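Report on the structure given below.
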Amino acid sequence: MTKIGLAVLISGRGSNLQSLIDACASADFPAEIKLVICNIPSVFGIERAEKAGIPVAVIPHKDFPSRETFEQAMLDEIAKYPVDLVCQAGFMRIVTPTFISPWRGRLINIHPSLLPKFKGLHTHERAIEAGETEAGCTIHYVNEGVDEGEIILQKSVPVLPDDTPDTLAARVLEKEHIAYPEAVRLLAQNILEKQ
Ligand code: GAR
């Protein structure tokens with residue numbers, strides 16, 4: 001089966017990376033991870049990639065004088081592999097046009113809210129404070145706005161009366177792990193049809 005190549009960008013524990021690793025293990029999943037890039041040394045997501053035998057590039061953003069030089073280093077790394085789609089999976093850096101322009105339409109992110117609600121950080125805490133009865137996650141294209149690109153797919157969960165940010169986060173995370181592979185499958189099929 002023809003598969004597209006993914007680069008997955010992470011900053012932390014990498015549970016969404018794991019959901020993609022697991023999906024890619026299926027023979028009928030139309031994508032494979034060629035490279036994982038991590039901007040924080042020593043996080044658990046790196047171990048997940050290594051265990052799966054995927055090349056990992058640790059590129060600490062703190063080693064670079066600007067966002068642009070950091071992003072150029074990521075672009076240079078990605079260029080070494082046959083990558084069709086770049087997936088931000090718990091990647092906690094805002095990217096600039098330096099990174100977005102070459103990958104526009106092929107750069108996606110997962111965000112733990114039902115966008116356009118609760119862009120940015122502390123989404124679960126804010127959803128509870130706002131008295132929302134529904135929360136969820138969004139897979140969207142990345143553009144120059146923060147969490148503003150076109151929505152590809154969303155999944156929702158109820159907010160329960162006794163929820164804390166942690167219990168709500170856990171319920172949303174379960175949906176994230178279903179949503180990300182589903183979105184990648186959808187986009188991979190589109191990319192493969194155009195090839
Ligand atoms: C996930 O909940 C993801 O949606 C969120 O960070 C978590 C990463 O978990 N991303 C953002 O908040 C992006 N602004 P993971 O490292 O276990 O995948």
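The values are calculated or read from the model by the stated rules, or taken from the named source; none is laboratory data. Quantities reported herein were computed from a predicted structural model and do not represent experimental measurements. Positions of Cβ are backbone-derived with ideal geometry, glycine not excepted, and every protein chain shown enters the neighbour counts. What goes into the accessible areas is simple: the full protein's heavy atoms, side chains included, and nothing from ligands, DNA or RNA. Shrake-Rupley method; radii C 1.70, N 1.55, O 1.52, S 1.80 Å.
Points worth noting:
- Restricting attention to segment 12-40, the residues that are within 16 Å of the ligand (Cβ to nearest atom), assigned to a loop (DSSP other than H, G, I, E, B) and under 20 Å from R106 (Cβ atoms) add up to 1.
- The single condition among (1) over 19 Å from F99 (Cβ atoms); (2) in contact (Cβ under 8 Å) with a residue 40 or more places away in the chain; (3) of a type in the set (G, A, S) that A27 does not meet is (2).
Listed here are the residues, each with its yes/no results for (1) within 12 Å of the ligand (Cβ to nearest atom); (2) open to solvent by less than 50 Å² (accessible area, probe 1.4 Å); (3) touching a helix residue (DSSP H, G or I) at 6+ places or on another chain (Cβ under 9 Å); (4) under 22 Å from I191 (Cα atoms).
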position	(1), (2), (3), (4)
F70	no, yes, yes, no
I110	yes, yes, yes, yes
H124	yes, yes, yes, no
I128	no, no, yes, no
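- Residue in segment 185-195 that is within 20 Å of D22 (Cβ to Cβ) and without any contact (Cβ under 8 Å) to a residue 40 or more places away in the chain present: yes
- Test result for K155, farther than 22 Å from R13 by Cβ, in contact with a helix residue (DSSP H, G or I) (Cβ under 8 Å, 6 or more places away or on another chain) and either within 12 Å of the ligand (Cβ to nearest atom) or open to solvent by 20 Å² or more (accessible area, probe 1.4 Å) (or both): no
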